[in-house]
Amino acid sequence: MQDLLQKIEHFKSEISAFSTTDEKQLETYRIKWLGTKGLVKEIMGEMKNVPVEQKREAGQVLNEFKQFAETKYNEMREAMGATDGAAASDTDLTLPGDDMPLGSRHPISLMRNKIISIFQRLGFAVAEGPEIEDDWHNFTALNMPEHHPARDMQDTFYVEAGKNSAVDWLLRTHTSNTQVHEMQRSKPPIRVICPGRVYRNETISARSHCFFHQVEGLYIDENVSFADLKQTLYFFVKEMYGKDVKVRFRPSYFPFTEPSAEMDVSCFICGGEGCNICKKTGWVEILGCGMVHPNVLQNCGIDPNKYTGFAFGMGVERPAMLKYGINDIRLFSENDVRFLKQFTSAT
Ligand code: PHE
């Protein structure tokens with residue numbers, strides 16, 4: 001104990017005698033006394049040799065010494081005008097700040113948000129579902145049982161599941177799986193809009209990709225009719241493409257809707273006169289739709305005798321390409337900043 005006290009006295013006088021205004025010397029001081037292998041640490045370690053009855057007193061002395069060494073360091077540092085690690089002399093506060101460029105939204109997000117906001121104004125809520133899905137939610141529930149030929153309309157990526165997996169897993173081919181989840185989860189009235197990424201095993205080219213984005217909608221209640229479907233989509237189109245745009249429905253086929261239709265709008269590039277975009281027809285196809293098939297309602301636990309509903313689905317890439325004059329779908333997923341920074345607003 002006596003040894004220890006002497007040692008501390010000796011150290012204290014050494015510290016008292018020391019003074020510097022040089023940064024390097026100050027750092028040498030810090031390493032010597034306060035560093036992880038410094039003398040303060042070392043002498044603290046001697047506590048374990050102090051007899052039990054003197055530990056209290058020794059502890060106090062050691063702590064004081066530690067503080068003494070630290071205070072000395074801080075005083076010298078302050079005297080040199082240093083603040084928190086950086087010497088003030090290093091910082092010229094009159095220099096202009098670093099340029100911090102703002103990011104921009106991805107054109108797909110802009111288009112998706114625009115579509116969503118129109119339907120939100122009609123009271124649709126946004127629902128999202130899983131991208132890795134089981135075969136039942138993506139196909140079977142939607143009136144496409146196993147071996148149904150309509151499954152081939154959407155080339156599917158299957159996910160290799162363990163041998164013991166009772167179900168087939170896949171990457172969803174449309175966001176209709178979310179509508180199935182919503183129907184199972186809640187009771188009518190149901191009014192949801194389902195945005196998300198979908199996958200199809202297609203050759204990647206300027207016009208098609210193996211993943212893309214969709215926004216689908218679903219409305220189920222008592223007495224919902226095809227007239228409601230048309231009115232909803234009219235509203236959407238006018239908001240999206242302007243008051244003057246014309247609309248036409250063509251009969252179509254989807255296993256999960258009956259009757260089914262595809263909706264075209266008069267070409268908003270040439271105004272219907274005929275251009276490359278509309279392939280000289282004056283019309284651009286923008287979505288598929290129809291009345292929800294009673295089998296689908298039944299599969300999802302909704303009484304088809306009491307409720308009816310409509311559904312629709314559209315891609316996001318194509319309207320975005322038309323709106324921004326983008327001629328290659330691959331640009332969306334290449335993450336080239338020169339491409340991405342050109343987009344600021346969807347309006
Ligand atoms: N799920 C269809 C598709 O991806 C789109 C669709 C949705 C059509 C709802 C009709 C009704 O092709």
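Could you work out what % of the accessible surface of the chain is carbon and sulfur, using a 1.4 angstrom probe and leaving DNA, RNA and ligands out of the count?
C and S fraction of accessible area: 49 percent.
Can you give me the long-range amide H partners of W283? Hydrogens built in the peptide plane at 1.01 Å from N, cutoff under 5 Å, separation of 5 or more residues or another chain.
Counting only residues 5 or more places away or on other chains, the set is C267.
If contacts are Cα pairs under 8 angstrom and at least 6 residues apart, what is the relative contact order of region 1-132 in percent? Mind dumping the intermediate values first?
Details: 53 pairs, mean separation 29.6, N = 132.
Reported relative contact order: 22 percent.
Given Cα pairs under 8 Å that are at least 6 residues apart, what percent is the relative contact order of the chain? Kindly include the intermediate steps, with their values, before the conclusion.
On the way: 515 pairs, mean separation 54.0, N = 347.
The normalised contact order for the chain reaches 16 percent.
Which aspartates and glutamates have a Cα less than 14 Å from the Cα of K41, not counting those fewer than 8 places away in the same chain?
E64, E70
What list of ³J(HN,Hα) couplings, whole Hz, do you get for region 149-162 from phi and the Karplus terms 6.51, -1.76, 1.60, once you set θ to phi - 60° and write x for glycine and proline?
x, 5, 4, 6, 5, 10, 4, 9, 8, 8, 9, 5, 9, x
Once the other residues with Cβ under 11 Å from the Cβ of R318 are scored (Lys, Arg +1; Asp, Glu -1), what is the net sum? Please list the in-between numbers first.
Values: positive: R207, K323; negative: E285, E317.
Every neighbour counted, the sum reads 0.
So how far apart, in nm, are the two label points at C275 and R248 if each is 7 Å from Cα heading toward Cβ?
Inter-label distance under the simple model: 1.9 nm.
Filter the cross-link list K7/K55; K238/K306; K187/K243 down to pairs whose alpha-carbon distance in this structure exceeds 25 Å. The partial results should precede the final answer.
On the way: K7/K55 16 Å; K238/K306 32 Å; K187/K243 35 Å.
Checking Cα-Cα distances, K238/K306; K187/K243 exceed 25 Å.
Which aspartates and glutamates, on any chain, are close to K280 with Cα under 15 Å apart, when same-chain ones fewer than 8 places away are left out?
D264
So, for the chain, what is the accessible surface per residue at a probe of 1.4 Å, expressed in square angstrom?
Details: 20230 Å² over 347 residues.
In whole numbers, the chain has 58 Å² accessible per residue.
For region 1-78 and region 289-345, what is the centre-to-centre distance using only Cα atoms, to the nearest Å?
Comparing the Cα centres of region 1-78 and region 289-345, I get a distance of 70 Å.
In nanometres, what is the gap between the two model label sites at N113 and V167, each 7 Å from Cα along Cα-to-Cβ?
With each label placed 7 Å out from Cα toward Cβ, I get 3.3 nm.
Can you give the FRET efficiency to the nearest 0.05 for Y73 and K48, using r as the Cβ-Cβ distance and R₀ = 30 Å? Write down the numbers at each step before the final one.
Numbers: r = 26 Å, r/R0 = 0.86.
The calculated FRET efficiency here is 0.70.
The values are calculated or read from the model by the stated rules, or taken from the named source; none is laboratory data. Fair warning: this is a prediction, and the values are worked out from it, not measured in the lab. Every residue, glycine as well, gets a Cβ built from its backbone with ideal geometry; the counts of neighbours run over all protein chains shown. Protein only, heavy atoms only, side chains kept; ligands, DNA and RNA dropped before computing areas. Shrake-Rupley method; radii C 1.70, N 1.55, O 1.52, S 1.80 Å.
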